[in-house]
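The structure under discussion appears below in the form of structure tokens.
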């Protein structure tokens, strides 16, 4: 293969995305910390999928135009450090080919190298043994191969061969990878993308994994009433959802026939099935008939029927209340203070300290660059200060300034505790640059800790961790692991408090009990009489306690 045009490149992108998506769970499993976070595979998959979706929506044969669309989609969808680095790799790649309608082998190789250069510049302190190393070695392989061949497939094979070797070597470059026994997760994710590229060039088809029907959730909980203004205009009033497990002695299932038969009962029909189960969602006036029909095929294992007319009345009530509240509070914001929060209680804390906009996210789901950009644009502000409150969101936040036309300052808060401390030092009479410096200085005096549970067995920093046990994390290091929740919490507090400590703040998660909080307060009173304790209801998931010591 001597040339690649926009059509072929678009196919490469889509299959690269499918390859990564098929293996996202595996990439997640390679994360060093056994913490139930929004992980590398998830973030890279969502980022790549965003770029692929943009490519699917265009129909250009000009490879430069396809690259431009891909790059923009990737950047807007970038989540987590791995997703941002992936977006920078293909930003440089696409910039290199932007004026070309098609490219040859040398241009193909040069595009890889250009991507590596851009990604390295985007990272403040590049670390070897990561996705950057894998990309760099793969890019060098592309350049070397292009000196001896004009076959693009041969170059792509060299990229994968050398990239894989670099990936396998990452544990020798980062001791923590060797200790845990994994390769770098970001590098592995990148290799899955490249494998999708090669499959396309060879004419091979990657089939996206067909997910089995999820039996834990129904199809739809919130209804879009499609502009219906009056409740009485709703023709089919009952949202009916059932799940049927097929029976051996029941009517044979044919999805097309089933869908056609089911359509007689109403509208908004959705049928999802696999070899064992069918899920049905339909708006109907006769939900009993839906159940009767479904039972011909097997056992009804889940049933949910909701009165949409009553739901619509509630929507109208809430809409009226919201409009009144907006009219009362409508005020132009000169400086938007945007924070990332996990948990309703933490959101309230940030708002009480002056945050104008709060984006739901954090550990369980890193917001994308586009999520933050939307908030900035919708605020109508003249300046913006962003607090990521998570080290894996900082890079995505830092891309926002390149996509909006106003000054943006990112306060590099890595934890909720740092973010709250920074907010206490916000002064809207100062410039955003002065605020950034002042808020980051305040953060430097805060120690952050958290308690969560392990999702797998591992050994890290000399600590043996069992799946399901609790872990105490100080900054970015696991300090203690134990089956007893309260014991872990106390040992972590011991680790964090020293003779200069004055205040311990406890932010209670949704999984922590009031009794445990009371026991911790007693423990502090008995052992650290000079330390003042503050307790806040955070309602954060995953992390039963967040601690800060100042």
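The values are calculated or read from the model by the stated rules, or taken from the named source; none is laboratory data. Values in this document were obtained by computation on a predicted structure and should not be read as measured data. For neighbour counting, all protein chains shown are included, and Cβ atoms are generated from backbone atoms with ideal geometry for every residue, glycine included.
Every condition in (1) farther than 30 Å from residue 301 by Cβ; (2) in contact with a helix residue (DSSP H, G or I) (Cβ under 9 Å, 6 or more places away or on another chain); (3) modelled with pLDDT under 95 holds for residue 176 except the one numbered (2). Any residue at all in segment 436-447 that is over 20 Å from residue 503 (Cβ atoms) and in contact (Cβ under 8 Å) with a residue 24 or more places away in the chain? The answer is yes; a qualifying residue exists. Pull up segment 458-495, narrow it to residues that are out of contact with any strand residue (DSSP E or B) (no Cβ under 8 Å at 6 or more places or on another chain) and within 30 Å of residue 385 (Cβ to Cβ), then point me to the one that is modelled with the lowest pLDDT. The extreme case among them is 476. Taken as a whole, the condition of being assigned by TED's automatic domain parsing to the domain that holds residue 342, in contact (Cβ under 8 Å) with a residue 40 or more places away in the chain and part of a helix (DSSP H, G or I) does not apply to residue 422. Of the residues making up segment 179-201, those that are over 25 Å from the mean Cα position of the chain (by Cα) and at pLDDT below 95 number 1.
Among the residues of segment 387-397, none qualifies, meaning not one is farther than 15 Å from residue 81 by Cα, assigned to a strand (DSSP E or B) and at pLDDT below 90. When segment 335-368 is filtered for residues that are farther than 23 Å from residue 541 by Cβ and outside any loop (DSSP other than H, G, I, E, B), the ones remaining, listed by number, are 335, 336, 337. In the set (1) touching a strand residue (DSSP E or B) at 6+ places or on another chain (Cβ under 9 Å); (2) surrounded by fewer than 23 Cβ atoms within 10 Å (Cβ to Cβ); (3) on the phi < 0 side of the Ramachandran plot, the condition left unmet by residue 380 is number (3). Going through 356, 369, 364 one at a time, which residue ends up being at pLDDT below 80 and more than 23 Å from residue 534 (Cα to Cα)? Exactly one of 356, 369, 364 is at pLDDT below 80 and more than 23 Å from residue 534 (Cα to Cα), namely 364.
Each row is one residue, and each column tells you yes or no for (1) in a helix (DSSP H, G or I); (2) surrounded by 14 or more Cβ atoms within 10 Å (Cβ to Cβ); (3) in contact with a helix residue (DSSP H, G or I) (Cβ under 6 Å, 6 or more places away or on another chain); (4) outside the structural domain of residue 417 (by TED's automatic domain parsing).
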{"site": "473", "(1), (2), (3), (4)": "no, yes, no, yes"}
{"site": "481", "(1), (2), (3), (4)": "no, yes, no, yes"}
{"site": "493", "(1), (2), (3), (4)": "yes, yes, no, yes"}
{"site": "521", "(1), (2), (3), (4)": "yes, yes, no, yes"}
{"site": "539", "(1), (2), (3), (4)": "no, yes, yes, yes"}
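Evaluate segment 325-334: report whether one residue or more is outside any helix (DSSP H, G or I), within 30 Å of residue 511 (Cβ to Cβ) and either in contact with a helix residue (DSSP H, G or I) (Cβ under 9 Å, 6 or more places away or on another chain) or at pLDDT below 85 (or both). Scanning segment 325-334, I find no residue that is outside any helix (DSSP H, G or I), within 30 Å of residue 511 (Cβ to Cβ) and either in contact with a helix residue (DSSP H, G or I) (Cβ under 9 Å, 6 or more places away or on another chain) or at pLDDT below 85 (or both), so the answer is no.
Collect the residues in segment 83-128 that are buried (at least 22 other Cβ atoms within 10 Å of the Cβ) and in a loop (DSSP other than H, G, I, E, B), keeping them in residue-number order. Listed by number, the list holds a single entry, 97. Pairs linking a residue in segment 392-408 that is touching a residue at least 60 places away in the same chain (Cβ under 8 Å) to a residue that is part of a helix (DSSP H, G or I) and surrounded by fewer than 18 Cβ atoms within 10 Å (Cβ to Cβ), with Cβ atoms under 7 Å and 6 or more positions apart or on different chains, do not occur.
Considering only residues in segment 523-537 that are without any contact (Cβ under 8 Å) to a residue 60 or more places away in the chain and in contact with a strand residue (DSSP E or B) (Cβ under 6 Å, 6 or more places away or on another chain), the one that is surrounded by the most Cβ atoms within 10 Å (Cβ to Cβ) turns out to be 524. One residue stands out among those in segment 447-457 that are surrounded by fewer than 21 Cβ atoms within 10 Å (Cβ to Cβ) and either assigned by TED's automatic domain parsing to the domain that holds residue 390 or in contact with a helix residue (DSSP H, G or I) (Cβ under 8 Å, 6 or more places away or on another chain) (or both): the one that is modelled with the lowest pLDDT, which is 456. Residue count for segment 263-276 satisfying the condition of being buried (at least 19 other Cβ atoms within 10 Å of the Cβ) and assigned to a strand (DSSP E or B): 1. The condition (being in the same structural domain as residue 236 (by TED's automatic domain parsing), within 24 Å of residue 237 (Cβ to Cβ) and modelled with pLDDT under 85) is satisfied by just one residue among 308, 262: 308.
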